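Have a look at the structure below, then the notes.
The values are calculated or read from the model by the stated rules, or taken from the named source; none is laboratory data. Nothing here was measured: the structure is a model prediction, and the numbers come from that model. Backbone-built Cβ (ideal geometry, glycine too); neighbour counts: all protein chains shown.
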Amino acid sequence: MSHRNAPLTPTGRLRLARCVVDDGWPVRRAAERFQVSHTTAARWAGRYRHHGAPGMHDRSSRPHHSPHKTRIDVEAQVVRLRQEHPIGPVRLAARTGIAASTAHRILTRHGLPALAACDRATGEPVRRYERARPGELVHIDVKKLGRIPDGGGHKALGRAAGRKNQARTGRGYLYPHTALDDHSRLACTEDLPDEKAATCAAFPQRATAWFNTWRDTCRDLGTGPRWTRPWRPQTNGNVVRFHRTLLEEWAHQRPYTSEAERQAVFPDWLDWYNYHRPHTGIRGQTPASRATNLSGQHT
């Protein structure tokens with residue numbers, strides 16, 4: 001493929017070269033006729049003399065000789081270290097005595113993905129998935145969140161005064177329980193007093209009633225829970241990522257003077273998340289737009 005700014009295509013180069021070589025035109029006349037420089041016309045005429053019509057195509061710009069190319073054994077060492085240890089170009093460069101940019105190019109050349117795209121435990125590339133229909137898979141998780149003492153914590157009062165107020169009024173925790181639909185990212189969240197078995201077991205019953213895509217409990221539908229692997233939040237990644245959004249955009253979004261003040265704005269925030277907030281994980285759509293939404297209903 002010719003460069004987009006090239007004045008001649010391979011066909012035009014061949015016509016120019018034949019004018020010079022076959023028809024005897026002076027190089028300068030051919031250059032004026034085809035509106036290129038004298039040196040360009042001479043170059044294509046010379047290639048035509050030596051290589052014929054096939055010589056009119058672009059050549060690779062790759063050099064014939066690379067005296068400073070990284071040695072094969074060093075390149076193999078970079079690849080081996082990257083496969084054995086979860087380290088990036090900077091640390092690979094320090095271990096192998098090359099530049100970090102060189103280590104990065106080696107990794108790219110061998111198709112080794114960035115660490116951010118790999119599973120931390122196995123080093124394997126993370127394979128994203130998404131269920132095809134709402135209600136096909138619902139992620140459930142619990143987040144432990146420190147309560148804000150009356151009068152405010154360290155964000156509202158400063159670190160010293162916040163600690164003193166916290167010691168006087170007590171801290172305590174609240175536990176947002178979330179059920180999140182894999183396809184739509186629609187979320188049902190409740191702030192509950194603990195994460196004990198009875199509390200966790202009762203939450204899916206209420207979440208089931210909230211999700212129109214579930215008509216009955218798991219027992220009635222003949223489905224059952226699928227447990228995540230221990231210490232592998234990636235297998236429940238959607239709801240874990242939702243809890244991070246919840247902390248950033250609601251729980252820690254601004255200094256609150258009490259837990260009651262923070263809880264008062266939560267319903268509006270959850271409504272905004274479900275029905276108005278563009279979700280980057282589903283190409284800018286809102287969660288509610290991907291769920292079953294009959295006229296006059298919201299799931």
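General remarks:
- Single residue of Asp58, Asp23 found to be among the charged types (D, E, K, R) and touching a His at 6+ places or on another chain (Cβ under 9 Å): Asp58
- Qualifying residue in segment 9-21 (condition: among the hydrophobic types (A, V, I, L, M, F, W, C) and either touching a strand residue (DSSP E or B) at 6+ places or on another chain (Cβ under 9 Å) or within 30 Å of Cys118 (Cα to Cα) (or both)): no
- The listed residue being loosely packed, with under 12 Cβ neighbours inside 10 Å and either under 24 Å from Ala288 (Cβ atoms) or modelled with pLDDT of 90 or more (or both), out of Asp216, Asp191, Asp220: Asp216
- Verdict on Leu107 being of a type outside the set (Lys, Arg), under 28 Å from Trp250 (Cα atoms), at pLDDT 80 or above and surrounded by 15 or more Cβ atoms within 10 Å (Cβ to Cβ): no
- Exactly one residue out of Thr102, Thr70, Thr108 is farther than 30 Å from Val20 by Cα, among the hydroxyl-bearing types (Ser, Thr, Tyr) and in a loop (DSSP other than H, G, I, E, B), and it is Thr70.
- Candidates Ala167, Ala197, Ala161 - the one that is without any contact (Cβ under 8 Å) to a residue 40 or more places away in the chain, surrounded by fewer than 15 Cβ atoms within 10 Å (Cβ to Cβ) and closer than 30 Å to Glu130 by Cα: Ala197
- Scanning segment 241-282 for residues that are in contact (Cβ under 8 Å) with a residue 12 or more places away in the chain, assigned to a helix (DSSP H, G or I) and under 16 Å from Leu186 (Cβ atoms) yields Arg241, Phe242, His243, Thr245, Leu246, Trp269, Leu270, Tyr273, Asn274, Tyr275, Gly281, Ile282.
- Among residues of segment 35-59 being without any contact (Cβ under 8 Å) to a residue 12 or more places away in the chain and assigned to a loop (DSSP other than H, G, I, E, B), the one that is surrounded by the fewest Cβ atoms within 10 Å (Cβ to Cβ) is Arg59.
- Selection of first residues in segment 84-102 that are modelled with pLDDT under 90 and of second residues that are part of a loop (DSSP other than H, G, I, E, B), restricted to Cβ pairs under 6 Å at least 6 apart or on distinct chains, gives the following pairs, ordered by first then second residue: Pro86/Gly123.
- Flag for Pro113 being without any contact (Cβ under 8 Å) to a residue 40 or more places away in the chain, in contact with a strand residue (DSSP E or B) (Cβ under 6 Å, 6 or more places away or on another chain) and surrounded by 13 or more Cβ atoms within 10 Å (Cβ to Cβ): yes
- Residue within segment 27-34 that is in contact (Cβ under 8 Å) with a residue 24 or more places away in the chain and more than 30 Å from Arg109 (Cα to Cα) present: yes
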